[in-house]
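To keep things clear, I will list the structure first and then write my remarks on it.
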Amino acid sequence: MSAAICVPAQAGGLDTLASGAIAMAYVSTAFNKMDNSAEGQAQSLARAKEQTGYLEDSAAQARVERIMKALEASPSVKRSYVVYANPSEDFNAFATVGRVMSVNKGTLDLLDDDQLAYVMAHEIAHGEHKDIVNGVKKQVGLSTAIGLAAGNGGGAALLSNVAGNYMQNQVFTMSQEKKADELGFKILSESPYNVGGAAGSMAVLRNTYGDLYREGLNQVFNPNNHPKTSNRVRDNIERMYAYSGNHVNVDNGTVYVNGSNIYTPASSGRYTGEERAYYMAGKLARLYHNGQVKPGSASYSDGTVIVAGQSIVTTPNADVALMVATNLNHAFVKAADTAKGKPSKSSKKK
């Protein structure tokens with residue numbers, strides 16, 4: 001850390017204002033260094049592991065590292081991150097100063113890779129917006145800042161403690177959360193993962209923990225100052241609809257293309273019918289986004305529906321698959337229907 005700036009203890013009036021400004025500038029520079037440097041990242045990683053523990057599961061560690069690598073390849077991600085899994089059984093993930101992210105075992109157990117990728121992309125978005133380091137700076141009071149700048153009380157250790165305490169108590173504003181959700185979806189869409197995982201992850205969270213904040217839940221995904229989880233599901237459906245060019249929508253578990261009812265998937269294995277609808281819609285949305293949907297491009301093989309050579313959804317049998325493929329081909333010749341293809345005003349968040 002750079003040399004301490006000496007501040008006269010007896011400063012008052014304008015001198016106090018000046019010394020306070022110098023002290024806050026010092027603290028800001030120190031935290032920026034902690035957030036941007038390789039050294040700061042290594043220190044933050046060690047501190048985070050000490051606080052949360054480290055999950056001794058090589059498959060889990062490889063999983064979060066693999067997803068992180070794929071997300072970092074997004075052109076929307078300008079910074080580099082490190083990630084590890086911790087042993088907590090609660091649902092949570094967080095990012096801290098130094099571009100360090102941790103994902104709880106409880107989150108890994110609850111979500112599949114497409115859903116987890118959105119949760120991690122959301123945390124990356126906080127890092128890209130520098131919400132974490134700016135939040136840490138706000139936790140430092142003027143008197144503490146002056147003490148740090150004057151070199152009192154072991155500045156480096158105290159700065160580290162402030163960052164560590166914020167890691168445990170971070171709370172983002174409603175605006176920051178909405179922006180992180182938005183950029184998180186964009187990062188997800190620029191990765192190989194299914195964009196339906198965004199709505200799917202929030203649906204799993206809602207179905208598991210309910211729509212509103214409850215004491216004891218994590219502060220990252222569902223505190224009182226966040227949008228209701230059901231609204232976050234809805235927002236991600238709308239983002240997927242826009243990503244598709246206003247062609248693909250999901251409403252009450254039914255997939256629509258250009259305003260036409262295509263299919264309502266049933267539950268299967270670990271997935272609810274709602275989650276399967278998001279994944280079916282996510283595949284169609286990416287095909288539309290990439291210009292791969294052509295008239296007559298839907299077909300089927302046994303119970304699997306195929307569009308442009310890609311499996312879209314597995315149905316109970318060939319008869320159902322034929323029906324879905326036929327519905328798709330009828331819809332593909334239509335233009336985007338903004339009246340029927342977009343969620344109605346009554347279904348939007350208030």
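The values are calculated or read from the model by the stated rules, or taken from the named source; none is laboratory data. From a predicted model like this one, the values you see are computed outputs, not experimental measurements. Here the Cβ positions follow ideal geometry from the backbone for every residue, glycine too, while neighbour counts run over all protein chains shown. Please note that ligands, DNA and RNA were not included when accessible areas were found on the heavy atoms of the full protein model with its side chains. Shrake-Rupley method; radii C 1.70, N 1.55, O 1.52, S 1.80 Å.
Numbers below:
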quantity	calculated
Karplus-derived HN-Hα couplings along the range 63-71 (A = 6.51, B = -1.76, C = 1.60, θ = phi - 60°), whole Hz, x at Gly and Pro	5, 5, 5, 5, 5, 4, 4, 5, 6
Using a Förster distance of 30 Å, the FRET efficiency for GLN51-SER267 (Cβ separation, nearest 0.05)	0.20
Inter-label distance for SER299 and GLU65, nm, one decimal - labels placed 7 Å from Cα along Cα-to-Cβ	4.1 nm
Long-range HN-HN contacts of THR304 with modeled amide H, under 5 Å	THR315
Probe 1.4 Å - accessible area at PHE332, Å² to nearest ten	20 Å²
HN-Hα J in Hz across the range 192-209 - Karplus 6.51, -1.76, 1.60, θ = phi - 60°, x for Gly and Pro	x, 7, 5, 5, x, x, 5, 5, x, 5, 5, 5, 5, 4, 4, 5, 8, 10
Gyration tensor (alpha-carbon) shape descriptor, the range 225-311, a/c threshold 1.5	oblate
The range 288-304 residues near the modelled SER311 label - backbone nitrogen below 19 Å, point 7 Å along Cα→Cβ	298-304
Hz values of 3J(HN,Hα) by residue in the range 310-319 - Karplus curve (6.51, -1.76, 1.60), Gly and Pro given as x	10, 5, 9, 6, 9, 9, x, 7, 5, 5
Contour excess over end-to-end distance, with Cα ends at LYS138 and LYS334 and 0.36 nm allotted per residue	65.3 nm
